[in-house]
């Protein structure tokens, strides 16, 4: 007669899941990054706007953490819970940007599939053959139950939230602006009347966002008022606010001085991206696209550290930024070792840039840098562009590569 404890395979499988969840809690950011990468391919509409992309990433982080906690408490964690706050924020952004419910549900199901694969991979490496099948089935059931509960809550909230948003004055205005930006056939005169904003004039689009939570709730709108005042009298302002940003157009029938905009004092913790000036309805659309592109570059590359980034200043670099891999290959080809993210390379790049800007004169470059002429000569010794400045193509490529690194930072190292 056996005297040992009787085995309970289900309890053992749940214990395996709990141990896996606890052992790999620190690595769940990797899962979140993988889900973001997958969703960029499967539901790209959530990444066309940085504001929605931000909320999507935050919701993924929160849901991944919630699932990890659920697995660590298996089977008690299978109970339905309210959506994480970040998931509710994503629902609001989805509605505000006119993204259909089916896309949001598809995002959750796509994330579900990858989460099951990821956790299953950890079980495969730790569970023995006797319990692997049961543990995998239990794992799948827990994750699917969580996503089912989330989908049920999303369906219940989406339509009511959407109707409330679209019936508000801000919602109707945002809907009309989205249609304009999407290029839909709209009577511009009627649209201008509905928006109470002229469209047949010149426009500068701006995007404002905060990098910290300090300051009053209306801080971005205060900064926008300062920007409008800086551009000059007679400027009309149209705004549409998202959850984390303010999108606006500064419009006037006269030329708009972008340089006055750049000189505006902006509080710490606030960033501004601005387009150039463009005319008419097409200009309204183009200005917004340019401002969004500048904002994306400013958020991705910390070296774009000015509080106000203007499209005209980074237009050339921004064009190359649309293909980051090609841009980085170009920089590495032209600069070689100078493309590295190292203090010595950075100093040499600065010296080379001053040398080229000074018409290949070591003396004038030294005055620009505040160093001795011999220092410039020493730093540039052995660089082909410094010994043969007559090659116009090489010179142009070098100046462009230096400008890219100065504004966007050195390319990531090759592995």
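The values are calculated or read from the model by the stated rules, or taken from the named source; none is laboratory data. Model, not experiment: these values are computed from the prediction. Cβ: placed from backbone, ideal geometry, glycine included. Neighbour counts: every protein chain shown.
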Scanning the range 289-339 residue by residue, those buried (at least 17 other Cβ atoms within 10 Å of the Cβ), under 13 Å from residue 411 (Cβ atoms) and at pLDDT 75 or above turn out to be 327, 328, 330, 331, 332, 334, 335, 338, 339
Out of 261, 238, sole residue that is assigned to a helix (DSSP H, G or I) and under 23 Å from residue 218 (Cβ atoms)
261
Quick check on the range 168-197: of everything there that is part of a loop (DSSP other than H, G, I, E, B) and touching a strand residue (DSSP E or B) at 6+ places or on another chain (Cβ under 9 Å), which residue is surrounded by the fewest Cβ atoms within 10 Å (Cβ to Cβ)?
196
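Listed here are the residues, each with its yes/no results for (1) crowded, with 19+ Cβ neighbours inside 10 Å; (2) modelled with pLDDT under 85.
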{"site": "71", "(1), (2)": "yes, no"}
{"site": "87", "(1), (2)": "yes, no"}
{"site": "99", "(1), (2)": "yes, no"}
{"site": "102", "(1), (2)": "no, no"}
{"site": "107", "(1), (2)": "yes, no"}
{"site": "124", "(1), (2)": "no, yes"}
For a quick check of your reading: which helices (runs of 4 or more DSSP H) sit entirely within the range 341-415 and have at least 1 residues that are exposed (fewer than 14 other Cβ atoms within 10 Å of the Cβ) and touching a residue at least 24 places away in the same chain (Cβ under 8 Å)?
343-357
Checking residue 139 against (1) farther than 22 Å from residue 96 by Cβ; (2) at pLDDT 90 or above; (3) loosely packed, with under 11 Cβ neighbours inside 10 Å: exactly one of these is not met. Which one?
(3)
Any residue that is closer than 17 Å to residue 158 by Cβ, under 19 Å from the mean Cα position of the chain (by Cα) and not in a helix (DSSP H, G or I) - is there at least one of those in the range 100-107?
no
Output the residues belonging to the range 198-225 that are farther than 19 Å from residue 289 by Cα and surrounded by 15 or more Cβ atoms within 10 Å (Cβ to Cβ).
210, 215, 219, 220, 221, 223
In this structure, does residue 165 turn out to be surrounded by 16 or more Cβ atoms within 10 Å (Cβ to Cβ), in contact (Cβ under 8 Å) with a residue 40 or more places away in the chain and either more than 21 Å from residue 43 (Cα to Cα) or not assigned by TED's automatic domain parsing to the domain that holds residue 34 (or both)?
yes
Condition first: assigned to a loop (DSSP other than H, G, I, E, B) and at negative phi. Can you find one or more residues in the range 217-224 that meet it?
yes
